[in-house]
Amino acid sequence: MRTFVTQAMAIALSLTPVHAAPPDNADPTLTPWFKGLRQPGTGAECCSVADCRAAEVRRDAQGYEVKVDHKWHVSSTFWLRVPAERILDERINPTGGAVLCYTPEAGILCFVPPPES
């Protein structure tokens, strides 16, 4: 069953291979929320808890930047500008922090800003 889900997600990402695994201590009660995230413009799934993770974020006059590190199976850490068309501003965010849906092959699929304090 897990193989089928992984294959379906790969097809949904235009045959982009999925390398990430669910984060340690993933909260299974958030699975429906993650599955409900949709890419702006296409309506395709942002992926799942496998590629969406809590992210370190900084904001400046141009928008958001996220830190991409070993959690996404990259060899070096870097900051990446979030394209405005990938931001899901209208989503209620139950995680308490910023969420980045990212794969090294496809880049930023979706970004959910942290809840406003």
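The values are calculated or read from the model by the stated rules, or taken from the named source; none is laboratory data. Remember, it's a predicted structure, so these values are computed and weren't measured experimentally. All Cβ positions, even for glycine, are placed from backbone atoms using ideal geometry, and neighbour counts span all protein chains on display. Just so you know, the surface numbers come from the protein's heavy atoms only, side chains and all, with ligands and any DNA or RNA stripped out. Shrake-Rupley method; radii C 1.70, N 1.55, O 1.52, S 1.80 Å.
Looking only at the range 59-85, residues that are open to solvent by 60 Å² or more (accessible area, probe 1.4 Å) and acidic (Asp, Glu) come to 2 in all.
Within the option set ALA50, ALA54, being closer than 16 Å to THR31 by Cα, open to solvent by 60 Å² or more (accessible area, probe 1.4 Å) and under 13 Å from the mean Cα position of the chain (by Cα) holds for one residue only, ALA54. Do we find that VAL18 is crowded, with 18+ Cβ neighbours inside 10 Å, modelled with pLDDT under 85, assigned to a loop (DSSP other than H, G, I, E, B) and in contact with an Asp or Glu (Cβ under 8 Å, 6 or more places away or on another chain) in this structure? Yes, satisfied.
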